[in-house]
Amino acid sequence: GAMIGILGGGQLGRMLAAAAARLGFEAHIFDPATDAPAGATARWHTAAAYDDKAALSAFAEACDVVTYEFENIPVAALDCIEAFALIRPGRQALATSGDRLTEKTFLTDLELKTAPFAPVEDMASLTKAVEAIGYPARLKTRTLGYDGKGQATIDGPGELKDALAQLQDAPAILEGHIAFTREISVIAARSVDGSVACYDPGENVHRGGILHNTTVPARIRPALRTDAVLLAARILEALDYVGVLGVELFVTPDGLLVNEIAPRVHNSGHWTQLGCAIDQFEQHIRAITGLPLGPGTRHSDVTMENLIGDDITRLPDLAAENTQIHLYGKAEPRPGRKMGHINRLV
Ligand code: ATP
Ligand code: MG
Ligand code: MG
């Protein structure tokens, strides 16, 4: 079968590699860690740094298509890979979502609503930004943030200095705090020929900035469900996207705001493993290999719960009916580390 390269060997890469194997493909992981979770489910694993040009070239040369499980891949690495293999989703998706300022500008250009935002480089620009946006506000690093890392909330003028210091003067954006009623996400896919399939929006609960659980269907009006799916499709089109995309949304009394987009399979889409015939991992592999997409149809309602850090030592009754467990094979259950997840029919 064709060789699928995957940049990043975390749990997402692991589940992508398993889906690839099921479709008769081989997976080749590129991840610096020799014990990367995806290494165990892939045919090949190159354990080299993202600035190792020789290793990247050899990896790309061996692959028919290269995809990724995180959005902060160095541009030089992409240049190196693109000399030998197709990258799907394409670089426009990475460039857009890898920087919160670029991302929010792209979304507002598409006439989608986001939290009010302004770029911040220093105290002067931060002061100007809070004058426009008001309190409470949230300062976020433009790049590299995940699981709520690289963020500081600002409740008043006395907290400006600390917030800047907390971000260690990294380029940032200030966002207005949104008093959302719920958070939802849409997992959407687009194929090489431009057809689109979306899963129903799931409702997400975060704890300490980290996704804790997702339930489908989200408790929202049918009109909002349509809005969510249509806006996801608009994003896919605008990026000429191939693959699975996660769109995180805030539900407010005035409709939906886009929080952020992730150009990859998404933690809030893990429920599809139990709720759909074709889950998000298979959907992504289908999309990037030019196979027809599966429908986004959900046959069952599901709750997905993440096992984070120590949760792994307190597993629920695994013999319970309608319960599916996924463990990522990570040795160290560090605080905040995603160790596995549980899908349950509801
Ligand atoms: P991820 O792991 O999803 O990539 P991240 O580090 O990129 O997370 P965000 O998604 O920006 O962070 O924020 C994490 C969570 O913090 C959000 O899901 C939401 O609960 C809350 N949050 C973020 N921005 C805002 C905002 N402007 N107003 C209110 N809540 C917010
Ligand atoms: Mg994010
Ligand atoms: Mg997020």
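Some observations on this one:
- Less than 5 angstrom separates the built amide H of THR252 from those of THR181, LEU257, all sequence-distant by 5 or more or on a different chain.
- Longest DSSP-loop-exposure-free segment, trypsin sites (Lys or Arg not before Pro), the chain, at most 13 other Cβ within 10 Å: 1-148
- Dipole in debye (nearest 20) - region 170-293, about Cα centre, beta carbon charges: Lys, Arg +1; Asp, Glu -1: 200
- Farthest toward positive dipole pole in the chain [+1 Lys/Arg, -1 Asp/Glu at C-beta], among ILE87, PRO74, TYR199: TYR199
- Global form of the chain, assessed from the alpha-carbon gyration tensor, a/c cut-off 1.5: rounded
- Added length on full extension, which subtracts the Cα-Cα distance from 0.36 nm per residue, ARG182 to ARG334: 51.9 nm
- Calculated from backbone phi, Karplus (6.51, -1.76, 1.60) coupling profile of region 92-107 in Hz, x at Gly/Pro: 4, 5, 5, 5, 6, 8, x, 9, 4, 6, 4, 4, 5, 5, 4, 5
- Global geometry of region 116-176, whether rounded, prolate or oblate, following the gyration tensor of its Cα atoms and the 1.5 cut on a/c: rounded
- Note on region 182-345: the alpha carbon radius of gyration divided by the globular reference 2.2 N^0.38 Å gives 1.03.
- Total charge dipole magnitude, region 3-87, about the Cα centre, Cβ charges on Lys, Arg, Asp, Glu only, Debye to nearest 20: 300
- Only one residue of LEU224, PRO119, PHE180 has its Cα farthest out toward the positive end of the dipole of the chain, where Lys and Arg carry +1 and Asp and Glu -1 on Cβ, and that residue is LEU224.
- All-pairs alpha carbon distance profile, region 250-307, 10 Å steps from 0, percent: 21, 39, 34, 6, 0
- Given +1 at the Cβ of Lys and Arg, -1 at the Cβ of Asp and Glu and no other charges, the dipole of the chain around its Cα centre is 520 debye to the nearest 20.
- In percent, rounded to a whole number, the relative contact order of region 116-176 is 49, using alpha-carbon pairs under 8 Å and six or more apart.
- Taking N as the residue count of region 3-87, its C-alpha radius of gyration divided by 2.2 N^0.38 Å amounts to 0.94.
- 3J(HN,Hα) along region 176-181, derived from phi through the Karplus expression 6.51 cos²θ - 1.76 cosθ + 1.60 where θ = phi - 60°, amounts to x, 6, 9, 7, 6, 8 Hz, with x in place of Gly and Pro.
- Here, region 148-243 yields an orientationally averaged convex hull projection of 8.2 nm² when only Cα atoms define the hull.
- Sorted from greatest to least, the principal axis extents spanned by the alpha carbons of region 86-160 come out as 49, 27, 20 Å.
- Where GluC sites (Glu not before Pro) fall in DSSP loop in region 118-219, at most 10 other Cβ within 10 Å: none
- Quotient of Cα Rg and 2.2 N^0.38 Å for region 1-149, N being how many residues it contains: 1.26
- Burial ordering of PHE250, PHE30, fewest other beta-carbon atoms within 10 Å first: PHE250, PHE30
- Cross-link reach is defined here as a Cα-Cα straight distance under 15 Å, omitting same-chain residues fewer than 8 places apart; for LYS140 the aspartates and glutamates meeting it are ASP99, GLU103, GLU121, ASP122, ASP155, GLU159, ASP162, ASP169, GLU175, GLU260.
The numbers here are math on the coordinates, done by the rules we state, and not lab data. The structure presented is a predicted model; accordingly, all values stated were derived computationally and were not measured. Here Cβ is always computed from backbone atoms with ideal geometry, including for glycine, and neighbour counts include all displayed protein chains.
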